[in-house]
Structures are given as C-alpha cells and as structure tokens.
Amino acid sequence: MLASTLYILLLLTTSILALPAEPNNNVVDLGYSSYQGTSLGNGVSRWLGIRYAAPPVGDLRFRAPKDPLKTTTLQIADSFGDVCISTTAAPNTPGYSEDCLFLDVYAPTNAKQGKPLPVFIYIQGGGFNSNSNPNYSGAGLVIASLMNIIVITFNYRVGPYGFLASSEVGKGGDFNIGLKDQRKVFEWVQRHITKFGGDPKHVTLGGGSAGAASIDLHLTAYGGRNDNLFHATAAQSPSFGVQFTVKESQYQYDALVVRAGCKSASDTLACLRKLSERDLQAVNFNIPTPGGTADLPLFMYSNVVDGDITTDFTYNLFEQGKFIKVPVIFGDDTNGGTIFAPMSADTDTAMNYFLRTQFPLLTKEHLAQIDKLYPQGMKFPGAGRYWQSTSDAYGHMRYMCPSLYISGVYAKQSIPSWNYRYNVEDPVSKANGLGVSHTIEVNAIFGPEYSRGGAPASHGGRGHSYADEVRFLYQDWPVSTSMRGSYVLFNGICTRLTLSMGCSRLEFGVFISVI
C-alpha cells in the first residue's frame, strides 16, 4: 500500500488488537437475506454483490431507493453485482445494468471475534455520469490498517437514472436519487455493520472526484442536519461543478423526452419508465448547456438544488455554516486538470471556449481575468501552447480551490481539518505533461494491485516503503487553524504550505453556480 492511506488511517486508527484465530464461518444474516462471503486467505474476507436496496427498475425508475427484497435462499456473495449504467455508454454493455444497487464488504476474517472495528465507506467518482471506480478491492486497505478497519465500496445511480430533474420528476419521482442511493448505504451500515464486526459509531466517508463532491453534499445535506450516519470524512479532489436548480435542469428532461419518442405522451415520465433499459440507454447522451457553447460539457447530469437534500448551492451552505461539524481531510493532485483539458488548445481563445463549455456563466470580464492569471505555459509534445494553462485553470477552479476553501471554513470554526496535495511524479506522465493527474492517488490508497489498473508504472513496487512512512508521518501533521493552514505535500517528503496557495488569485464564488 502507498502513502496516501495516511488520511484514512488518521481518522480510523484504533489500538492494535490481539484477535483470535480466523473462524471459518462467513455467513451473515441481514434479516432480508443471508450472504456467504469468501476468505481470501490473507486474513481478509469479502462479501461481494450485497443488495442494499430493491432493484430500481420498472416503477422504481427515477425514484429514491427502497428497502431490498427478502430472499429465502442463501446468497453466495462471491461475485460483483452489475455496475450502474453510464451516460453515453452503449446499450446492453456486459456487466452494466439498471439493477445495480450493490455493495461490497471487506473485513478482517476474525473481525467479529474482537472489539468493533472502524468502518471506511468509499464513494467512487465519475462526474455523477458514471461509476468510474467500480469493483475496487478494499482488501489492501484492510491489510494496510493492520487488520483494524472494515471497508465498504458500492455502486450508485448516475446520469438520468440518478440525477434527472424537472417539474415532472418533482411530481412523479424524486430528485438527487444518486445521493439518496449513497445515503441508503450509510443507513445500511448503521443497521448491519455490527454483523461484520464493525462499529456504527466510528464511520468515515472517503471518496474521489464526484465521490469527494458527494462528501461535500452529505456534509451540507438537509441544511447541515446531522443524523449521525458518519463521524469523519476524507475527500480526494472534491469538485464544485456547475449546480442547477430544478428549473434550470428542465432542458435535460425535455430533450430526453423528445429523443425517447415520449413528447406526445400525456404522462411523459410514465412513458420514460415504460421504455426498456436498452431503448432508454440508446438516447442517453450529452447535449450542450444552454447559455454555454456548442460543445458538450464533460459532465451534463449532476446534483440539483431541490430544497430537500440539497437546500442551497454547496458554496452558500458552507458559507452560512450549514454543514456537519466532524473532522475532515481534503486533498488534491498537483495537475488535476490535465486529463480534462483539450490537448489541442493553442490559444487563449481556445482555453476560454473550453472553460465556458464547463462553466456557462463565465463572462468576458471573468475570462479576461483568467487569461492574465494563466498565460501561455510550457509546451509538451503533441499538445497546444495553451494546454497546460487550460488544465491549470480548470483544475484550480473545479478541484483545488474548493478543497482549500472548505478546509478553511472548517478551520475558522476550530473543527479538526487537514489538507494535502499529492505530488508523487511518474517520469512518463511528467514528460508527456499529464503530471500528477486527477485522483491518481486512488492507486496509492487502494494499492495498484487492488485498483483494477491505471496506476503509473513507477507506482509499482513502492507500496511497502510508503506504508511505513504513513505510520509516522501523520503524527507530525498539525490541524489547520483559521490563521494557518496545515498542508501536506506527498512527493516522498513532507512539507507544510499555507491554505492561500494560489487560490487567492481566483474570484472563487464566480465559478461554481449558474445563478
């Protein structure tokens, strides 16, 4: 395991336990179903494909998750459940389905024999339009914790299946369903984790990208109401993308209705529900944002301000102090925008066009300010002269500045808060300009061998030395304060920087909403 397991272990660490020998019984009775897990032979057991909600199909399409259905036969939990369908994915892609509300549990095989263990719930990313980290294995995290945590991973609905919003959905469905899927998992953990040896009073949320943005949204959910579903958070590259109101999201619904052939139906939502999964997915693709450019945004569907789980824009809720007061860690990667910015960007005009596609309310004045702050950067092979500038502007606006801002909000209220920047460079990625790209540290958190590929070659073989550093580094990582940030730079050494790093250059609130 690599060093950025630090921010998880920091919040989850408990005393090292002397656990008895491994039992041979991996059957867990959840009341609605019994699941038989598998021992991996390395001290970790796992239960894959556990249903945490009823299949969201038929009349349950576009509705908040319901309790899982009861079964009477033993469920063999040795394979992953289907992944939730992505926007623009081909219909009938193997391994993907609307019936996707599954979670996986990784625990020390002997967990139930000792003191209840802390729980780490990982929320995968994907821009709320895909499940980008499905089927990651939590076994490496359990091992890195010296067999002292339980790890939960899960799928949640995305795209129109999880974030469709309109007046029609308000009358006949539910908003922000993907967030409610996540919350259903949190409630499941509170109800069932003791059966795996976990402590429901010691739960940490983790996540990357949209998973980290989800953490922001759960911290501010229902105006900051604390239902004690979690007790600390650790967010990698939390995104403040464009948030719409329900009214502003209407164009997405209307376009989907037309493409699906439901425009003439007396009940267009019912018509969408009657479509087969294949037929609905065939018309599930991005369209340009009104008021933006003619190009497609990177992420069309997202959470909306619904007056319920999301009572206001995320920035406003943090500004108003309407958030749950628990210990938090936020962090980013040095080059968080490189995988998103168009490599062809060769002028400031091209840079501005891309940014307006993603943030449609940027004005000429805003763009002129950005042009001054992000002049032509270093040239890389095969890339335009403004690729680096475009990626820096986008990465700072969407990821780094929100992370630093929220850390500062917590620090001002004297709530334990930490921040990091991941800067472990891979020689190949450095040479081609990608640098330390968005959420690359997910490989360090789960370990390259557990994260389904994608780790730079230089990350391999480094796990043990990094893990050794972790156990000592966190002891010298001070809490942020309102006067001084605490910022760890992960590049083989530890340094401290201030929270003002770079982001005082931007009018932060300008770029995060459409009103």
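All of the numbers you see were taken from the coordinates with simple rules; none came from a lab. Only a predicted model underlies this, so the values are computations on that prediction, with no experimental measurement involved. So basically every Cβ, Gly included, is an ideal-geometry build from the backbone, and we count neighbours across all protein chains shown.
State the percent of C-alpha pairs, over all pairs in region 67-170, separated by a distance greater than 20 angstrom. So the portion of pairs separated by more than 20 Å is 51 percent.
Taken one residue at a time, the phi angles of region 402-415 give Karplus couplings (6.51, -1.76, 1.60, θ = phi - 60°) of x, 4, 5, 4, 5, 4, x, 4, 5, 4, 4, 9, 6, 9 Hz. Gly and Pro are set to x.
Simple point charges give the picture: +1 on the Cβ of Lys and Arg, -1 on the Cβ of Asp and Glu, and for region 150-279 a dipole about the Cα centre of about 240 debye.
Maximal additional length on extending the N226-M378 stretch stands at 50.1 nm, based on 0.36 nm per residue less the C-alpha distance. Listing I177, I193 from fewest to most neighbouring C-beta atoms within 10 Å gives I193, I177. The ellipsoid that matches the Cα gyration tensor of region 217-345 has semi-axes, each √(5λ) in whole angstrom, of 32, 22, 14, with the longest given first.
In this simple spin-label model, placing a label point 7 Å from the Cα along the Cα-to-Cβ direction at both S39 and K364 gives a separation of 7.2 nm. Of Y315, G337, T268, which is farthest along the charge dipole of region 203-342 in the positive direction, counting Lys and Arg as +1 and Asp and Glu as -1 at C-beta? Going by the charge dipole, the pick is T268. For region 129-140, backbone phi angles converted through the Karplus equation (6.51, -1.76, 1.60; θ = phi - 60°) give residue-by-residue couplings of 10, 7, 9, 7, 10, x, 6, 5, 8, x, 4, x Hz, Gly and Pro being listed as x.
Taking 0.36 nm per residue of sequence separation and removing the Cα-Cα distance, the T349/E319 pair yields an extension gain of 7.5 nm. Spin-label model, K201 to D99: label points 7 Å out along the Cα-to-beta-carbon direction sit 4.0 nm apart.
Counting only DSSP beta bridges whose two residues both lie in region 23-117, roughly 80 percent are antiparallel.
Using Cβ point charges alone (K and R +1, D and E -1), the dipole size of region 354-408 about the Cα centre works out to roughly 120 debye. Computed about the Cα centre, the dipole magnitude for region 269-331 is approximately 180 debye when only Lys and Arg (+1) and Asp and Glu (-1) carry charge, each at its Cβ.
Taking a 29 Å limit on the Cα-Cα distance, which of the listed pairs K195/K274; K171/K325; K171/K364; K372/K430 fall beyond it? Write out the running numbers ahead of the final one.
Numbers: K195/K274 38 Å; K171/K325 33 Å; K171/K364 38 Å; K372/K430 25 Å.
Table pairs above 29 Å Cα-Cα are K195/K274; K171/K325; K171/K364.
In sequence order, region 119-126 has phi-based couplings of 10, 10, 9, 9, 9, 6, x, x Hz under the Karplus curve 6.51 cos²θ - 1.76 cosθ + 1.60, θ = phi - 60°, and Gly or Pro positions carry x. Length available on full extension from A294 to A270: 0.36 nm per residue minus the Cα-Cα distance, which gives 5.6 nm. The packing ranking, built from the mean of other Cβ atoms within 10 Å per residue, places the peptides 402-412, 330-340 in the order 330-340, 402-412, highest first.
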